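Here the structure comes first, spelled out in structure tokens, and everything after it is commentary.
The values are calculated or read from the model by the stated rules, or taken from the named source; none is laboratory data. Here the structure is a predicted model, which means the values were calculated and not measured. We place every Cβ from the backbone using ideal geometry, glycine too, and count neighbours over all the protein chains shown.
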Amino acid sequence: MELLDHLTRLVFPYALAWCLFLLVLRTAVVLRRGYKVELGAPKGSPRRGILYSLTFSMLPWKKDSTRRHPWTYAAGMGMHLGIFLTVLFALGRRFASWPDWSLPIFAVAAFVGLVSALGLFVKRGTRAYMHAISTLDDFLANALVQLYLLGGFLTALFPALNGFWRLTAILLLLYVPLGKIYHMLLFFVSRSLFGLQFGRRGVLRHDLPISY
């Protein structure tokens, strides 16, 4: 484990640099395609549209897909929350800022994320309608996320396994700008554009947008 820890410490900065460089490059290519501004007179508030798109529109009862598949929605939320907290755990470990009593909390978060990701992986592979529209990228991205969450879970319980966790992080960083995980940046761009368009067109209601 000491050798793995040493090697991954050497490789990690290069993996991070690779990831950041390609993310910037790919995002620049996307943004260069431009955005066609609508010429019609606005009938609503673009700002309200963006706010709604990034907040209330993601409530589980807002879409047929999430309303009809609550367990899939819960698994997706569990996976993303687990990833966020595990990355937060990694940043805290980097600066030695997490007290010992917090380790079980991060272990639980990583475990919930891992189980959620595994459930989504199995569903994609076993449901015919899901498998038919899935690609290798879908399975590989999920598998790499599972490995990373597994590494975070094990490291929270057994700190000596930090080298293994760093290895999973390296693999994830190498893949992020190449596959579907890149949506972690495009998500905010696409949701903002969606909200801007529909807010400007006055499609959204102007009362508290929670129950509709």
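General remarks:
- For first residues located in the stretch 179-199 and more than 13 Å from residue 30 (Cα to Cα) and in contact (Cβ under 8 Å) with a residue 40 or more places away in the chain, partners that are part of a loop (DSSP other than H, G, I, E, B) and of a type in the set (Asp, Glu) and lie 6+ apart or on another chain with Cβ distances below 8 Å form the pairs 197/38.
- Residues in the stretch 65-94 that are small (Gly, Ala, Ser) and without any contact (Cβ under 8 Å) to a residue 40 or more places away in the chain: 65, 78, 92.
- Criterion violated by residue 44 - all others in (1) at pLDDT below 85; (2) part of a helix (DSSP H, G or I); (3) surrounded by 15 or more Cβ atoms within 10 Å (Cβ to Cβ) satisfied: (2)
- Options 105, 133, 83: the member that is of a type in the set (Val, Ile, Thr), in a loop (DSSP other than H, G, I, E, B) and modelled with pLDDT of 90 or more: 133
- Note on the stretch 150-166: among residues that are aromatic (Phe, Trp, Tyr) and surrounded by 21 or more Cβ atoms within 10 Å (Cβ to Cβ), the one that is nearest to residue 113 (Cα to Cα) is 153.
- Residues satisfying the stated conditions in the stretch 58-91, i.e. hydroxyl-bearing (Ser, Thr, Tyr) and either farther than 21 Å from residue 190 by Cα or over 16 Å from the mean Cα position of the chain (by Cα) (or both): 65, 66, 72, 86
- Between 136, 140, 172, the distinction of being hydrophobic (A, V, I, L, M, F, W, C) and in contact with a Leu (Cβ under 6 Å, 6 or more places away or on another chain) belongs to 172 only.
- Within the stretch 181-202, the set of residues being charged (D, E, K, R) and outside any helix (DSSP H, G or I) comprises 201 only.
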